[in-house]
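Read through the structure below, which is laid out as structure tokens, and then see the notes.
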Amino acid sequence: MILPNFNDFPRTGRIIGIDWGARRTGVAISDETREFVFVRPPIMVVRGGASVARQIADFAVTEKAVGIVIGLPRYMDGSESDTTNAVRACAVEIATYTDLPIVFIDENLTSRAAQDEMGRVRVADIKRDLDSAAARVILENAIAMINRLK
């Protein structure tokens, strides 16, 4: 189910952070206490393979997650783009595979923050690691917002 905000989102348990991409979707997960966030290999779009949404739902089961946070890309003025619509469509599809609560969080500049934290690395490393590093930033931001609600 897609929630409008974090008010009814679980306060404890492992949660997943998602940085959706047309080719690669970054994934991160918290520990049960939400003190630590770990990146996981990105989900790759494979022709003829399971959809990204299905892979996210399966990952949630494997990791015993209690919720999913998805970064929602918007323009700097807050308006939505075609990518925003694609992310929303992916969330709707995820909701067909799982009953876990799904919440969107603004993802502006998360890739930039992740790249800054990565420091100077090879372009190949950025391509391989940036999406999941951005998912980590998304998840850390979400956890901070959830903690403020307590």
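Each reported figure results from applying straightforward, stated rules to the coordinates on display, with no laboratory input. All values reported here derive from a predicted model rather than from experimental measurement. No Cβ is skipped: glycine too gets one built from the backbone with ideal geometry, and neighbour counts run over all protein chains shown.
A few points about this structure:
- For the chain, calculated [θ]222 nm from helices alone, where every DSSP H run of n ≥ 4 adds -39500 (n - 2.57): -14000 deg cm²/dmol
- Maximal additional length on extending the V45-D58 stretch stands at 3.2 nm, based on 0.36 nm per residue less the C-alpha distance.
- When you count the other C-beta atoms within 10 angstrom of each residue and take the mean per peptide, 16-25, 85-94 line up highest first as 16-25, 85-94.
- Overall Cα dimensions of the chain - principal axes, largest extent first, Å: 40, 37, 34
- FRET efficiency, E93 to T12 (Cβ-Cβ, R0 25 Å, nearest 0.05): 0.40
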